Amino acid sequence: MNEKIELKEKVKSIEINGPKSISQLLSEMANTGFQGKKLGQVADVWEKMVRDKDATIILGYAGSLSTTGQWKIINWLIENRFIDVLVSTGANISEDIVEAMGFDYWQGSQYVDDNVLLNQNVNRYYDVFGKESDYMKMTELIADFYTSSLKGGHPYSSRELLYMFGKWLEEKGVNSIVATAAKHNVPIFCPAIVDSPYGDAGLIAKSKGFNLVIDNMKDYTEFMSLGEKIKETAVVYIGGGVPKDFIQLLAVTPNLLYQKREIPGRKSHTFRVKESKQEVRETYYPHKYAIQITTDSPQWGGLSGCTFEEAISWGKINHAGNFVQCYADVTIALPIVIHALNERVKSKRGGLDLMSHLEK
């Protein structure tokens, strides 16, 4: 209670003094307050990630955002290697295929009679409309890939399946997220893949006598094995959900792959405590950088809204302070931040080749 609060940094009011770049505006917003300040800091930390040659950048992409026009931003991030690994919901890496196939989503309204939409076979994503027929053509396309290109009964990780699917789509000129990732050797993991058209397509394949097997444990093992190839981790969470939890675990569980409970050759944070006269040894590899854009609140106890400060207690986030959470609508925040990055970083990033490790 005796801690003295120092007044160091002044709030700097934003002035209107002629045209500004998006990057300049975000820099000015970083000196203000509330979520405008946080959004400016998101751009600053993401730029640090991109410029850090030792950082492996992992993007968590949650929800159903590809229907809102965000998916080509993800393609741009992959093409410029501003991310090294993508962990996504199944929705985000299937619903973009609809547009990549040449179909469309439509600007709609949440103030409609949904019974009318049902009768017209139109699906509603809040205020975006999509044709059910287009959705099913996309699902049938995935099923065609299963039956024509995979081995029935063979256990695939989601990463293996999506890499093969991306190559298949690339050959057909369907330049979706998975196709772009396959072209640029950026691995995609989708830990809840069947909760999406990928699962529906599996049912279609099953009706034709094809048995699709996706091995979640193989997926988890592959992802955790990345720990031995990485120096430092930088994480970006667009939303939260399963992708966030899956990525956060890379800081605290990959050591379980090894009998000595540590990743060979990797610097760790190790804690030893005694319980019942036995020493318990815990090894952590906290993320060096962390960004999240979310509308989820922390007080409900869910992982999507969990603060990075809370994550420090788990050993998931480095306490040094290169982390920021912005409570904002992704469809507002993400395009602004990415355009600022495009202005600030002029060269394509090298990135780490993790696909060679995974394909062994």
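Note down all Cβ pairs under 8 Å where the first residue falls in segment 146-159 and is farther than 14 Å from F210 by Cβ, the second is assigned to a loop (DSSP other than H, G, I, E, B) and among the acidic types (D, E), and they're at least six residues apart or on different chains.
P155/D215; S157/D215
Look at segment 101-121 and say how many of its residues are assigned to a strand (DSSP E or B) and either under 19 Å from M138 (Cα atoms) or not polar (S, T, N, Q) (or both).
Start the filter on segment 101-121 by keeping residues that are assigned to a strand (DSSP E or B), which leaves 105-107.
So of that shortlist, the ones also either under 19 Å from M138 (Cα atoms) or not polar (S, T, N, Q) (or both) come out as 105-106.
The qualifying residues number 2.
How many residues, within segment 170-198, are without any contact (Cβ under 8 Å) to a residue 24 or more places away in the chain and touching a Phe, Trp or Tyr at 6+ places or on another chain (Cβ under 7 Å)? Spell out the reasoning first.
Taking segment 170-198 as the starting set, the residues that turn out to be without any contact (Cβ under 8 Å) to a residue 24 or more places away in the chain are 170-173, 182-183.
Cutting the leftovers down to touching a Phe, Trp or Tyr at 6+ places or on another chain (Cβ under 7 Å) gives us 182.
Adding up the residues that qualify gives 1.
Picking from M164, M138, which residue would you name as being free of Cβ contacts under 8 Å to residues at least 40 places away in the same chain and within 27 Å of P243 (Cβ to Cβ)? Write out each step before concluding.
Numbers: M138 fails: free of Cβ contacts under 8 Å to residues at least 40 places away in the same chain.
Only one candidate passes the filter, namely M164.
Could you list, in sequence order, the residues of segment 207-224 that are more than 16 Å from G153 (Cβ to Cβ) and in contact with a Leu (Cβ under 8 Å, 6 or more places away or on another chain)?
Listed by number, the residues that qualify are T221, E222, F223, M224.
Can you pull out the helices (runs of 4 or more DSSP H) entirely within segment 18-91 that have at least 1 residues that are touching a Phe, Trp or Tyr at 6+ places or on another chain (Cβ under 8 Å)?
Working: elements: 22-29, 34-51, 71-79.
Helices (runs of 4 or more DSSP H) meeting the threshold: 34-51, 71-79.
Looking for whichever is surrounded by 14 or more Cβ atoms within 10 Å (Cβ to Cβ), out of contact with any His (no Cβ under 8 Å at 6 or more places or on another chain) and in a strand (DSSP E or B) here; the options are C306, C326. Which one fits?
C326
Would you be able to say whether some residue in segment 293-302 is surrounded by 14 or more Cβ atoms within 10 Å (Cβ to Cβ), in a strand (DSSP E or B) and in contact with a Cys (Cβ under 7 Å, 6 or more places away or on another chain)?
Yes, segment 293-302 contains a residue that is surrounded by 14 or more Cβ atoms within 10 Å (Cβ to Cβ), in a strand (DSSP E or B) and in contact with a Cys (Cβ under 7 Å, 6 or more places away or on another chain).
Looking only at residues in segment 309-321 that are at pLDDT below 95 and under 16 Å from M49 (Cβ atoms), which one is surrounded by the most Cβ atoms within 10 Å (Cβ to Cβ)?
Of everything passing the filter in segment 309-321, N318 is surrounded by the most Cβ atoms within 10 Å (Cβ to Cβ).
Identify the residue in segment 309-323 that is in contact (Cβ under 8 Å) with a residue 60 or more places away in the chain and part of a helix (DSSP H, G or I) and, among all such residues, is nearest to F271 (Cα to Cα). Step through it out loud before you land on a result.
Restricting attention to segment 309-323, the residues satisfying the condition of being in contact (Cβ under 8 Å) with a residue 60 or more places away in the chain are 311, 314-317, 322-323.
After this cut, where a residue has to be part of a helix (DSSP H, G or I) as well, the list is 311, 314.
Working: A311: 16, W314: 12 Å.
This residue is W314.
So L303 clears everything in (1) over 17 Å from the mean Cα position of the chain (by Cα); (2) modelled with pLDDT under 95 except one condition, right? Which one?
All conditions pass for L303, except number (1).
Looking at segment 323-360, which of the residues that are modelled with pLDDT under 95 and more than 17 Å from N80 (Cα to Cα) is farthest from the chain's Cα centre (by Cα)?
Here the answer is K360.
Sort out which residues of segment 15-67 are among the aliphatic types (A, V, I, L, M) and over 19 Å from the mean Cα position of the chain (by Cα), and write them in order of number.
To start, the set of residues in segment 15-67 that are among the aliphatic types (A, V, I, L, M) comprises 16, 22, 25-26, 29-30, 39, 42-43, 45, 49-50, 55, 57-59, 62, 65.
Listed by number, the residues that qualify are I16, I22, L25, L26, M29, A30.
Residue-wise test of (1) among the acidic types (D, E); (2) touching a helix residue (DSSP H, G or I) at 6+ places or on another chain (Cβ under 7 Å).
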residue	(1), (2)
E171	yes, no
P191	no, yes
K218	no, no
S225	no, yes
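Residues to consider are G108, G102, G40; find the one that is over 19 Å from L161 (Cα atoms), of a type in the set (G, A, S) and without any contact (Cβ under 8 Å) to a residue 12 or more places away in the chain.
Working: G108 fails: without any contact (Cβ under 8 Å) to a residue 12 or more places away in the chain; G40 fails: without any contact (Cβ under 8 Å) to a residue 12 or more places away in the chain.
It is G102.
Tell me which residues, restricted to segment 95-116, are of a type in the set (G, A, S), farther than 22 Å from Y61 by Cα and surrounded by 11 or more Cβ atoms within 10 Å (Cβ to Cβ).
G108
Cβ contacts < 7 Å: first residue modelled with pLDDT under 95, restricted to segment 54-66; second residue of a type in the set (D, E, K, R), any location; separation 6+ or different chain. Result?
S64/E95
Residues that are under 28 Å from W106 (Cβ atoms) and within 21 Å of the chain's Cα centre (by Cα), at least 2 per element: which helices (runs of 4 or more DSSP H) completely within segment 129-204 meet that?
Working: elements: 132-149, 158-171, 177-183.
The helices (runs of 4 or more DSSP H) meeting that bar are 158-171, 177-183.
Does V11 meet the test of being touching a Gly at 6+ places or on another chain (Cβ under 7 Å) and either assigned to a loop (DSSP other than H, G, I, E, B) or at pLDDT 95 or above (or both)? If you could, list the steps in order and put the result at the bottom.
Working: touching a Gly at 6+ places or on another chain (Cβ under 7 Å): yes; either assigned to a loop (DSSP other than H, G, I, E, B) or at pLDDT 95 or above (or both): yes.
Judged against the criteria, V11 is a match.
Just to verify a result, which residue in segment 205-219, among those that are surrounded by fewer than 17 Cβ atoms within 10 Å (Cβ to Cβ), assigned to a helix (DSSP H, G or I) and not small (G, A, S), is farthest from the chain's Cα centre (by Cα)? Outline the logic, then answer.
Residues of segment 205-219 that are surrounded by fewer than 17 Cβ atoms within 10 Å (Cβ to Cβ), as a first pass: 206-209, 211, 213, 215-218.
Adding the requirement that they be assigned to a helix (DSSP H, G or I) leaves 206-207, 216-218.
Pick out the ones that are also not small (G, A, S) and you get 206, 216-218.
Values: K206: 30, N216: 18, M217: 20, K218: 20 Å.
If we take residues in segment 205-219 being surrounded by fewer than 17 Cβ atoms within 10 Å (Cβ to Cβ), assigned to a helix (DSSP H, G or I) and not small (G, A, S), then K206 is farthest from the chain's Cα centre (by Cα).
The values are calculated or read from the model by the stated rules, or taken from the named source; none is laboratory data. In this text, all values refer to a predicted model and were calculated from it rather than measured experimentally. Cβ atoms come from the backbone with ideal geometry, glycine included; neighbour counts cover every protein chain shown.
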